[in-house]
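For reference, the structure discussed in these notes is given below.
The values are calculated or read from the model by the stated rules, or taken from the named source; none is laboratory data. Since this is a predicted model, take the numbers as computed values, not measurements. All Cβ positions, even for glycine, are placed from backbone atoms using ideal geometry, and neighbour counts span all protein chains on display. Just the protein is used for accessible areas: all its heavy atoms, side chains included, with ligands, DNA and RNA removed. Shrake-Rupley method; radii C 1.70, N 1.55, O 1.52, S 1.80 Å.
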Amino acid sequence: MTKMAPRTKILSLLLLLNFYVAAAQFFINYAATDSCQRPTEYYNFANLRCDTCTGADSQTSAGGFSCACQAGFELTADIGSSQVTCAACAAPTPVTSADGWTCVSCGTGTSLDPVTGRCTACPAGQIAVERTTNGTQTSQRDCVACEGDTVPNAAGDRCVRCHQSFIDVSGSCTCPDPNQVHGGICFTDAQIGVSQNLDFTWDSDTKLSYYIEEYLLAASLGCTPATGATDAQRNLTACQLLGNLCVLRLYNRQNDGTNQEDGCTLLQALSDDNNDNVGTVQDWKVAMPWLYYNHLLNDVSEILSDTEITTKFTFTAASQLAKILGGKFSSKLDLVVAAYSLNGDFLGIQDVTGGLLQLCKDSNTRLDAAYVFGTTYSQRCQLNVQDFWNNTDYQQMVFYDMYYRYPDDSTLYAIPVRITNVAYSDTDNSGSDRSKWQLVRRFFLVDPIGAKLAADGDPQVVRYASSFSISVQLQSGNREGEIYPPLVTITYSEASLDDFNANAKVTVTFSVSYQMSTATYEQDVQIAIGVLSALAILWALFVSTSSWRRRIGAQMVDCTSLLKFIVYMFGPLGNAFFLVAMGAALSWLLFFKRQDQVYLLLPTPAQEETFIIYLSVACALKCLEMLHFLFTQMTIDISSSTGSDRAGRRQTWRVGTGSRSPSACGEPTSWLMNGMKSRPPGRVTQCSSCLLCCSS
């Protein structure tokens, strides 16, 4: 074996070392954000690691991503990096100011805390002041009381006006007993006495909700107009909040005989007392949210068969078609939502594109494909349950009212929603009986708030939209390209803390489907089947069966003839079913591809069942015909001996499938009994079965 020279070994080692370095240069050691040791380390998000705050006068900042001066030190330099420069505070100003850039003393209403090195907090109703009204920095921190109708803000550094309810009750910002504060509003004892039977549970299983308990009374009284006020003079935000509290319960009203009132019951009572409608919509009251469809005025079938959406939908570019034919055309299902925060603030009109309503995330191109008209869309994914608790995107709960936006961009049409979980009294949205449905308007995607027991606690259960579907029905008749109101169907599921601890995954789906009434087409197909089937039966009777009877010389219609007639029908009937099925499929394809204004949609899987049945029947009948043909061929027995050919030579024939006597064909047998070896002219040679008789 040839030995490697030392120089060659060194070069090989260097090459391997260079390869290792090149291969390992993309690997780094990283640390989790909560692994840094406070108060000496901060998380360096630029390098994804924990670094140490330099200097004995600095410590980890409140956010954990930089360093800050310790108590008793002031900033002298901060360029926005993780490190800061500090200087010690000295008497008579030993305390760091609120902004950290100077030193102050503890003045009126406060004193130095020797443990923390900071000034003690101001008493209730007072704020800490370090600057004058023009912004000049003072040398000490003083506590100043908020006077009149003002109270300290949440940060404790500014006086703000308190809610009007406090002023109405006491003339100041206090709410003396026996009055009570709910949702930041002071309610009198008389107001509270009117609503002693409020239901603060989140659902029918009596899960207490801190949020409903805190805000239900405030929302109800805020949405109630004052004595002598008009229906429009309500607190708009309070009414929206009351509506959201109803949706949190999935519209389920209290019907347990306890006379308790929930958000839905309270809102419905306020709506019934409101006589002012929004436009011509009788279900929508002025200054109040529209949650329910009143099925005493319009049942579900009437709502879903409304013809007020006059947009002409097309598969081609709507702008090009509008130039040619004029009118309002669209190739997009243009849906928008009115969005509201949990506390009732209006967030604006938002497009549903960009995956606004889709929990499964993808590229915008794929997400927006759901709203291209005529596109049957289906999306399915799995989500980590822990994201419902930890992801900040889900913590900001948003409620939506959906509309279809006309091409003129100035008209909206309300889209009904069916939530399958809604079930109270005689209402059952999970079934197929439309008479028991309760259509609603408002919905959400994820609810991490309703099942909280405390404001700073974790939700015991998180509700999420596990199934979200939009179904669009094409109008029938001469209204080509127009649709009935789309129907949104939502099913909510629940994830519990046990699922969170198990790091479980849940499946969510989103779909858009299109369908049309195929009653006319099915009727046409049935007529075609009937006509061609009649012709097939006539063919089997007067052509196939009649020809067979002539060949065997049958004189009577017996059971064998009827059986043969039935067998002969298999083939023609199979041809009839196949021709109708294929003809319907080809015509559907051609007309679907050639249309501009949409009047024809691809059939749904349920509507395809008729076509599948016809095609299956055709295949079954043709298979039976083939079996009959094979049976006939396999049972024919042909034998021959010498006889006379065309030149006059004798020839004896025996053709048959069995051993029946010649008389079975209806022929006299005397010529056989007399020893004749060839039949007389016009006679049957031999009949061995009723399935085959031969003649020459």
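Here are a few things to note about the model shown:
- Any chance Arg380 is open to solvent by 40 Å² or more (accessible area, probe 1.4 Å), of a type in the set (Lys, Arg), more than 24 Å from Ser476 (Cα to Cα) and touching a residue at least 24 places away in the same chain (Cβ under 8 Å): yes
- Of the residues contained in the stretch 198-205, one or more are found to be of a type in the set (Phe, Trp, Tyr), in contact with an Asp or Glu (Cβ under 7 Å, 6 or more places away or on another chain), part of a loop (DSSP other than H, G, I, E, B) and at pLDDT below 80.
- Selection within the stretch 523-562 - open to solvent by less than 50 Å² (accessible area, probe 1.4 Å) and in contact (Cβ under 8 Å) with a residue 40 or more places away in the chain: Val525, Ala528, Ile529, Ser533, Ala536, Ile552, Gly553, Ala554, Thr560
- Here Ser66 passes the criteria (1) surrounded by fewer than 11 Cβ atoms within 10 Å (Cβ to Cβ); (2) at pLDDT 85 or above except the one numbered (1).
- Residue satisfying all of: in the stretch 329-376; in contact with a strand residue (DSSP E or B) (Cβ under 7 Å, 6 or more places away or on another chain) and in a helix (DSSP H, G or I); farthest from Met516 (Cα to Cα) among these: Ala369
A quick yes/no check of all residues on (1) under 22 Å from the mean Cα position of the chain (by Cα); (2) surrounded by fewer than 16 Cβ atoms within 10 Å (Cβ to Cβ); (3) under 25 Å from Pro603 (Cα atoms):
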| position | (1), (2), (3) |
| --- | --- |
| Ala338 | yes, no, no |
| Ser341 | yes, no, no |
| Gln350 | yes, yes, no |
| Gln358 | yes, no, no |
| Phe373 | yes, no, yes |
| Asp401 | yes, no, no |
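- Matching residues, the stretch 377-409, being farther than 29 Å from Leu241 by Cβ and assigned to a loop (DSSP other than H, G, I, E, B): Tyr406, Pro407, Asp408, Asp409
- Count of residues meeting criterion [at pLDDT below 90, open to solvent by 50 Å² or more (accessible area, probe 1.4 Å) and of a type outside the set (D, E, K, R)] in the stretch 77-89: 5
- Residue match in the stretch 424-443 (condition: open to solvent by less than 60 Å² (accessible area, probe 1.4 Å), touching a Gly at 6+ places or on another chain (Cβ under 8 Å) and free of Cβ contacts under 8 Å to residues at least 40 places away in the same chain): no
- Filtering the stretch 263-292 to residues that are part of a loop (DSSP other than H, G, I, E, B) and hydroxyl-bearing (Ser, Thr, Tyr) leaves only Thr280.
- Qualifying positions in the stretch 213-234 - surrounded by fewer than 21 Cβ atoms within 10 Å (Cβ to Cβ) and among the hydroxyl-bearing types (Ser, Thr, Tyr): Thr224, Thr227, Thr230
- For the stretch 606-632, the candidate set comprises residues that are surrounded by fewer than 15 Cβ atoms within 10 Å (Cβ to Cβ) and of a type in the set (Val, Ile, Thr); within that set, the residue that is farthest from the chain's Cα centre (by Cα) is Thr632.
- Any hit, the stretch 404-419, residues being over 26 Å from Phe313 (Cβ atoms), open to solvent by less than 30 Å² (accessible area, probe 1.4 Å) and in contact (Cβ under 8 Å) with a residue 60 or more places away in the chain: yes
- Contacts under 8 angstrom Cβ, first residue in the stretch 468-481 being closer than 14 Å to Thr520 by Cβ and open to solvent by less than 30 Å² (accessible area, probe 1.4 Å), partner in a strand (DSSP E or B) and of a type in the set (A, V, I, L, M), 6 or more apart: Leu474/Ile483; Leu474/Met516; Gln475/Ile483
- Pick from the stretch 275-318, criterion of a type in the set (Gly, Ala, Ser) and loosely packed, with under 15 Cβ neighbours inside 10 Å, ranking: farthest from Cys223 (Cα to Cα): Ala317
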